[in-house]
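What follows is one structure encoded as structure tokens, with my remarks underneath.
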């Protein structure tokens, strides 16, 4: 995998118009076109985890963010050793801040060991409205860590931000298409140039989430305004100008929607299937809505079944939905309730079904959390030892990390 370091500058866009930052360093080199049904430079589909960059937590942030509280839960209240958070599950590493580089490294190293190649990141654009600027900052930090740790990344654009900006009188309704094109053109000038960014048929992959933003016609207009073409995937269906669609859990329809997508998608040039473990939201308890019907975990069978069915010659990417949406309970990130079970199965799937010989074992999945625990302990730890441990894991060797941890036991 190519590895480049690029300068990423946090931008704020005022009154809905994207402003360019200082020039970022262009990536050097190019990726070669892969086989049919795979991303460029790969002989197999990539496995990417959908990642939410929206968590704020003390002490890195001054307050606990909405996604841990939903204006109902109080993480400062601790019962039975756990903070009160907006989730039916509890992170194994505890509630965290998405801007914490140690947490980001831990997450990506766990993914690496599990056979997950990188992330699809929820991105709300460049405008300084609500928490969009915070999300952009956290996404920037995550993408920097992806480059550092030789992981791949893709942007999933949340175009529902556009009607929200119109309602807030930050954007004219007639300017929504142009605004979206300007934001994607910014991505094209900066993040798409990274050697870690995923490309399909020599075009950067771009997803858009949901159906509440631009209409299919508006998306067609937007794609025509782009400075450079993208490989565009929309949720559940293929829009005009796109190369395919991607699947997403639908609690109201359950697995019936999943079946319909798998029956429809092979007729498109390309598509991105999704594997997910469950859907078990906390919205009703938080008082932010009636909540959605539950898709039960079934002792891990939902993840195993959906993942098995993701292999298809036209699928260049398999999406894990999600890494860390704790509010909706779709996370595969290790939890107190399920431990490393979901990552262990993903690891087994990648090694056996995708024939990836990584050399990692199920026990290796615990190493990144132990390293994070050591960092949080306050004990004097050699930065060089920590760096070498991460580098060794990147290259498929856990001996350095294990030796370092043994020194501090």
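Quick notes on this one:
- Calculated [θ] (222 nm, deg cm²/dmol) that DSSP helices of n ≥ 4 give over the chain, each run adding -39,500 (n - 2.57): -9500 deg cm²/dmol
- Sorting 189, 199 from the fewest to the most surrounding beta carbons within 10 angstrom yields 189, 199.
- Relative contact order (percent, whole number), the chain, Cα cutoff 8 Å, 6+ residue spacing: 20 percent
- DSSP beta bridges fully contained in the range 223-364 are about 20 percent antiparallel.
- GNM flexibility winner over the chain from 95, 229, 59 (Cα, springs under 10 Å): 59
- Gaussian network model of the chain, springs between alpha carbon atoms under 10 Å - residue of 264, 176, 52 with greatest fluctuation: 264
- Of the residues 330, 139, 398, the one that moves most in a GNM of the chain with alpha-carbon contacts below 10 Å is 398.
- Looking at the chain alone, DSSP beta bridges between its own residues are antiparallel in about 20 percent of cases.
- For the range 87-200, a/c is not less than 1.5, where a ≥ b ≥ c are the root eigenvalues of the C-alpha gyration tensor, and a/b does not top b/c. That puts it in the oblate class.
- Residues listed by number, the range 300-327, amide nitrogen under 20 Å from residue 79 label point at 7 Å toward C-beta: 327
- Potential lengthening between residue 379 and residue 362 on full extension [0.36 nm per residue; Cα-Cα distance subtracted]: 3.4 nm
- Taking 7 Å steps out from each Cα toward its Cβ at residue 60 and residue 408 produces label points 1.7 nm apart.
- For the range 160-266, the share of DSSP beta bridges that are antiparallel, to the nearest 5, is 20%.
- Stretching the chain fully between residue 267 and residue 174 yields a gain of 30.1 nm (0.36 nm per residue, less the alpha carbon separation).
- Residues in the range 98-136 that a label on residue 218 would reach, taking backbone N under 15 Å of a point 7 Å out along Cα→Cβ: 125
- Whether the range 153-268 is rounded, prolate or oblate, judged on the alpha carbon gyration tensor where a/c under 1.5 counts as rounded: oblate
No lab work stands behind these numbers, since they all come straight from the coordinates. Only a predicted model underlies this, so the values are computations on that prediction, with no experimental measurement involved. Methodologically, a virtual Cβ is constructed for each residue, glycine included, from the backbone with ideal geometry; neighbour enumeration extends over all protein chains shown.
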